[in-house]
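Contents: one structure, followed by commentary.
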Amino acid sequence: MLSPAAYNVLRRQGTEMPYSSPLDMNFRKGVYSCAGCDTALFSSDAKYDSHTGWPSFWKPLPHAVATRTDTSEMMIRTEVLCSGCGGHLGHVFTDGPKPTGLRYCMNGVAMRFKAA
Ligand SMILES: [Zn+2]
């Protein structure tokens, strides 16, 4: 069962409040998986502190996520979806660090962390 907060993000494209997720400042070694279907999404190796208040990564695990154009809220953004269940995870932006230059801005409530 998803928590109401996770449901709001994964199934209703919601956004959690910045700095609300304990995963934002979690830098332990491990894997972040989808709270909806348990698909492994990101490795801690690609996590960094973007100072945005949301857990941020510079690359997903291979084939873990899908993207589509999101024109809601008067912005053109690239939505990031779980490849397993199609759940909304967040957005990806092009102001990330090397080597990809990408910033996967994720909702922590949509993910579960498993320490390595
Ligand atoms: Zn999923």
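Any read-out appearing in this document is the output of simple, stated calculations on the displayed coordinates, not a laboratory observation. Here the structure is a predicted model, which means the values were calculated and not measured. As a convention, Cβ positions derive from the backbone with ideal geometry for all residues, glycine included, and neighbour counts pool all protein chains shown.
Check the range 63-80 and report whether any residue there is in contact with a strand residue (DSSP E or B) (Cβ under 7 Å, 6 or more places away or on another chain) and within 17 Å of Ala5 (Cα to Cα). Spell out the reasoning first.
Kept after step one, since they are in contact with a strand residue (DSSP E or B) (Cβ under 7 Å, 6 or more places away or on another chain), are these residues of the range 63-80: 64-70, 76-80.
Still in the running and within 17 Å of Ala5 (Cα to Cα): none.
Within the range 63-80 (the criterion being in contact with a strand residue (DSSP E or B) (Cβ under 7 Å, 6 or more places away or on another chain) and within 17 Å of Ala5 (Cα to Cα)), the answer is no, since none of the residues qualifies.
Hey, among the residues in the range 68-98 that are in a loop (DSSP other than H, G, I, E, B) and more than 16 Å from the ligand (Cβ to nearest atom), which one's nearest to Met111 (Cα to Cα)? Within the range 68-98, the match that is nearest to Met111 (Cα to Cα) is Gly96.
Out of everything in the range 12-37 that is among the hydrophobic types (A, V, I, L, M, F, W, C) and in a loop (DSSP other than H, G, I, E, B), what residue ends up being nearest to the ligand (Cβ to nearest atom)? Walk me through it before giving the result.
Our first condition is that a residue be among the hydrophobic types (A, V, I, L, M, F, W, C); within the range 12-37, this holds for 17, 23, 25, 27, 31, 34-35, 37.
Now narrow it down to the ones that are in a loop (DSSP other than H, G, I, E, B): 17, 23, 25, 27, 35, 37.
Working: Met17: 22, Leu23: 16, Met25: 23, Phe27: 23, Ala35: 8, Cys37: 3 Å.
Top of the filtered list is Cys37.
Kindly indicate whether Tyr32 is among the aromatic types (Phe, Trp, Tyr) and farther than 20 Å from Val9 by Cα. Answer is no for this residue. When the residues of the range 38-66 are filtered to those that are among the β-branched types (Val, Ile, Thr) and assigned to a loop (DSSP other than H, G, I, E, B), the one that is farthest from the ligand (Cβ to nearest atom) is Thr52. Which one is farthest from Cys37 (Cα to Cα), of the residues in the range 99-116 that are in contact with a helix residue (DSSP H, G or I) (Cβ under 7 Å, 6 or more places away or on another chain) and in a helix (DSSP H, G or I)? Here the residue is Val109.
When the range 99-114 is examined, which residues are found to be away from the ligand (no atom under 11 Å from the Cβ) and within 22 Å of Tyr19 (Cβ to Cβ)? Break it down into steps so the answer makes sense when it comes.
Looking only at the range 99-114, we keep the residues that are away from the ligand (no atom under 11 Å from the Cβ), and these are 99-109, 113-114.
The answer is Leu102, Arg103, Tyr104, Cys105, Met106, Asn107, Gly108, Val109, Phe113.
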